[in-house]
Structures are given as structure tokens and as C-alpha cells.
1. Tell me which helices (runs of 4 or more DSSP H) are completely within segment 45-127 and hold 1 or more residues being in contact with a helix residue (DSSP H, G or I) (Cβ under 8 Å, 6 or more places away or on another chain), of a type in the set (Phe, Trp, Tyr) and under 25 Å from residue 268 (Cβ atoms), or say none if there are none.
2. Would you confirm, using the coordinates I've provided, whether residue 210 is modelled with pLDDT of 85 or more, more than 18 Å from the chain's Cα centre (by Cα) and within 23 Å of residue 28 (Cα to Cα)?
3. Could you count how many residues in segment 250-292 are in contact with a Pro (Cβ under 6 Å, 6 or more places away or on another chain) and modelled with pLDDT of 85 or more?
4. Regarding segment 137-155, can at least one residue be identified that is basic (Lys, Arg), without any contact (Cβ under 8 Å) to a residue 60 or more places away in the chain and more than 13 Å from residue 2 (Cβ to Cβ)?
5. Just give me the residues in segment 162-183 being in contact (Cβ under 8 Å) with a residue 40 or more places away in the chain and in contact with a Phe, Trp or Tyr (Cβ under 6 Å, 6 or more places away or on another chain), in sequence order.
6. Restrict the check to segment 72-81 and report whether at least one residue is in contact with a strand residue (DSSP E or B) (Cβ under 7 Å, 6 or more places away or on another chain), touching a residue at least 24 places away in the same chain (Cβ under 8 Å) and under 26 Å from residue 178 (Cβ atoms).
7. Hey, among the residues in segment 185-202 that are of a type outside the set (A, V, I, L, M, F, W, C) and free of Cβ contacts under 8 Å to residues at least 40 places away in the same chain, which one's nearest to residue 106 (Cα to Cα)?
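The values are calculated or read from the model by the stated rules, or taken from the named source; none is laboratory data. The structure presented is a predicted model; accordingly, all values stated were derived computationally and were not measured. Because the Cβ atoms are built from the backbone with ideal geometry, glycine has one as well, and the counts that use them run over all protein chains shown.
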Amino acid sequence: MHIPDGFLDTKTAIATTLLSGTAVAVALRRLQKNLKPSHVPLLGLSASFIFVSQMLNFPVIGGTSGHLIGAVLASVLLGPDAAILCMTAVLLIQTFIFADGGVAALGANILNMGVVAVLGGYPVYRILYRILPTPRGKIVASVFSAWLSIVLASVFCAGELAWSGTSGWAVVFPTMTNIHMLIGIGEGLITGIIIAAIYKTKPELLETSLISSSPNFRQSTILYTVIFSVALLLLVTPFVSDWPDGLETVAATLGFDARGIASNSAGALLPDYTIPGVKNASIATIVAGLVGAVIAFGSAVIIGRILIPKSKKQTVQ
């Protein structure tokens, strides 16, 4: 659902940038009050895992693919404020390093996938979990709210396209939502599987504290996440679907795909997840994924450490 440059007009790009910028600022302010030093590693791990997961497209229907966005997954693990931070960090890296999504459309992409998907899905998850306060209830709540987050993000994307005059609302709204209702099924199932796996292996991650203060717990969590992320890149990347994603399919169906431009490709370090000198596409994608995962982890950790007041750091020491 990464909107490229050319799909949105100036007023929409400015409006969405202001809205997403405000939401991110509020999230950062709230995190500065609530974030603990022991929480920082999970910020980095979540950003890294979400980055890797978004690279892996799964086939949906009719030549269309989808990929995990991870907004609800991050919210369940970290809370909505930290989830917005992680999603924003991932989208920034995708835009400026891999040319995945337009620079002018960055505000809209953060709004749709990093703000709307989080704030639309997480409250529903909380309500459903209160109704079904069991491990199975948590999984059911995660699956449904993850599905809903994709649908809501697609509705906002359709609205932005319509407001820009790219396509009429009466046409783009049903087309976007119908296809993303199907993609959302994959999002929900993957989110539910991950939550269920965490329950089996590290149920502490789903408790009120983001991460245990125990060094052994942190080290094992980091190790498991790194192993899982690397395994995804090595074992799954060669078999991911190369079909166009939901937005690309909608653009081609409605005839505005030619408006998309890759104006930021020249300035990106690794455009389209390629590695200079590496001709094998699968190997290049794997290496690019590892580079992006490391950058995502480091960026989130650095931001997290900056947000923590010195008084908190000294207390921990």
C-alpha cells in the first residue's frame, strides 16, 4: 500500500504530512513520559521484524499479492505509541534507502500504515480482548483487528486518491476496499500465528511490561527474533510472490498507474532492494533485507534512547 509519487496532488501531500507529523509528535511525547530503558531493545526488534515481514509478499487472488503491515502486531507487543514510532521508522527507511514509496507521499504512507492502521486496529483489539480475556481471545482479537486495520488504511488511501483527483471516490473506494479485505485476511492470519507462537515461547512479551528487565530474558528475546528474521529472509524470500500488490492492482485496473513516478530512486542507496554488483535477484533481496533490518533496529533503538530522560538512565545504572 506504499503510495508512489505522482498519485497525490500537492494539497493532499501537505495535509497528510501535517496529520501524520502531528500524530508522530504526540506519540513521541507520550513515549518520552512512559518509555523505560528496558523497553528499548523490543522497539528495535519490532521495527526490524516489521521491515523484514513487509518485504515478503504473499499471493492473494487474480494476480494480486499482499504483505504484512504489522501495525496491530506492533501495537499488541508495544502499545500504540511505540507502534507508531516503529512503523514510522520502517517507512522512512523504505522511502529514502530503498525507494519504496514516494518522498512526497511519505506523509500519506505514514498516516495510512503507521497511524490509521495502529489507532484504528488497536482500540478494537482492546475491546475484543476485554470481552474474551483469555489467550485464545487475545489471538481472536488480534486476527480481527489486524484485518480491520488493513481495511481502514485502504479506505484512507482511497480517500486521498479521490481528493487528489486521481480517481473518483465511487470507483476507487469499492475497488480498494474489496481487494484489501482479501489482503487483510492474510494480515490477520499472520498476526494471529505470530501472537500464538509468542504465547507458546515467550508469553512474557504479551504482559503489561514490554520486556523483562532480566538480561537473560532480553538476550534470548533478541536472539530468537534475529534467528526468525534471518530465517524468513533466507528461506522465504526466494519464494515470495512477484505479483503486484493491492494498490498497484487498483492503479492498473482504474488506469492511473502511469501517473506513478519513482522520483526518489536516483537518491536511494539501494533502490528496489537491489545491491550493486549482485546479479542474482534473490541474493540481492536477502542482503538488502538484512541491511534494512539492521538499520531499522538501530534507528528505533537510537530514537528510544534519545527519548529516555537521563534521570531514568541513571536510575537503571
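1. In segment 45-127, the matching helices (runs of 4 or more DSSP H) lie at 80-98.
2. The answer is no for residue 210.
3. Counting residues in segment 250-292 that are in contact with a Pro (Cβ under 6 Å, 6 or more places away or on another chain) and modelled with pLDDT of 85 or more gives 0.
4. No, the conditions are met nowhere in segment 137-155.
5. 166, 167
6. As a first pass, look at segment 72-81 and keep what is in contact with a strand residue (DSSP E or B) (Cβ under 7 Å, 6 or more places away or on another chain): none.
Within segment 72-81 (the criterion being in contact with a strand residue (DSSP E or B) (Cβ under 7 Å, 6 or more places away or on another chain), touching a residue at least 24 places away in the same chain (Cβ under 8 Å) and under 26 Å from residue 178 (Cβ atoms)), the answer is no, since none of the residues qualifies.
7. Once the filter is applied, the top-ranked residue is 202.
Rundown of residues vs (1) within 15 Å of residue 296 (Cβ to Cβ); (2) surrounded by 24 or more Cβ atoms within 10 Å (Cβ to Cβ); (3) in contact (Cβ under 8 Å) with a residue 12 or more places away in the chain; (4) over 13 Å from the mean Cα position of the chain (by Cα), yes/no style:
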residue	(1), (2), (3), (4)
47	yes, yes, yes, no
58	no, no, yes, yes
66	no, yes, yes, no
97	yes, no, yes, yes
108	no, yes, yes, yes
112	no, yes, yes, no
